[in-house]
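Trainee: I am attaching a structure below and will ask some questions about it afterwards.
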């Protein structure tokens, strides 16, 4: 609970059997998390049983993909505040407080893993990933003339219930490039947001995406194409809106 507001955390899981139980317990131990929704997205054998040993609520999303899992989790969450994260051991439950503190003034709080002092020495955030995430985030910042962004791929973030309701029907991405779509939708919906640094640790097990440089590069290209698509759509939408307004005032 945060200032009489119920706090929900959403964890999608596919290959986190070895870490998911301890991560759930870590987030609950903060004292601020009221509900954890684990979205079992065709997870590896044994994951279901590990979740059942905790106080988390487990739901099953058969449509494979990070974006589909996140959307299902947000749909199932009942909190006034929804925190998205991952149960792979890379994020710390203690950063929940940091996100919540900023939620007093912002409807969306994006996390960033690119602050050097907050990256654990064994974390998978080498030069390639760090610069890549920074570059694509800056592309969004430039194209949309928005606030400071430094990490397009950070999966730890917070949305208030009001912010989520504004964008929930607009999601189109079901795979790993879901994060930049969420960012674009927040910006285009004029939702007030801020980005803050969070700690980033070594992952338990190997990532299906960042563990392979070719896959990560391909994902980055998909993110860039998605961002340009949203910018073009918003440009023509604004142009048509201005034309209608001009005719009405003529």
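Throughout, read-outs are computed from the coordinates displayed, never taken from laboratory work. Note that this is a predicted model, so its numbers are computed, not measured. Here the Cβ positions follow ideal geometry from the backbone for every residue, glycine too, while neighbour counts run over all protein chains shown.
Trainee: Can you sort 16, 44 so the residue with the fewest Cβ neighbours within 10 Å comes first?
Mentor: Lowest count first: 44, 16.
Trainee: Within 10 Å of each residue's Cβ, count the other Cβ atoms and sort 159, 84, 139 from fewest upward.
Mentor: So the ranking, lowest neighbour count to highest, is 139, 84, 159.
Trainee: Quick one: P(r) of the chain from all Cα-Cα pairs, 5 Å bins, percents rounded to integers, in order of increasing distance.
Mentor: Binned Cα distances yield the sequence 1, 6, 13, 18, 20, 17, 12, 6, 3, 2, 1, 1, 0, 0.
Trainee: Starting from the Cα gyration tensor of the range 51-92, take the square roots of the eigenvalues, sort them a ≥ b ≥ c, and report rounded, prolate or oblate (rounded when a/c is under 1.5, otherwise prolate if a/b is larger than b/c, else oblate).
Mentor: Rounded.
Trainee: Summing -39500 (n - 2.57) over the DSSP H runs of n ≥ 4 in the chain and dividing by its residue number, what mean residue ellipticity at 222 nm do you reach, to the nearest 500 deg cm²/dmol?
Mentor: -14000 deg cm²/dmol
Trainee: When DSSP beta bridges are limited to those with both residues in the range 7-249, what percentage is antiparallel, rounded to the nearest 5?
Mentor: 25
Trainee: At a 10 Å Cβ-Cβ cut-off, how would you order 183, 125, fewest neighbours first?
Mentor: 125, 183
Trainee: Between the range 1-69 and the range 118-135, what is the C-alpha centre distance in whole Å?
Mentor: Between the Cα centres of the range 1-69 and the range 118-135 lies a distance of 25 Å.
Trainee: Right, here's the next one. By average Cβ neighbour count within 10 Å, what is the ranking of 53-64, 107-118 from highest down?
Mentor: Ranking the peptides 53-64, 107-118 by packing returns 107-118, 53-64.
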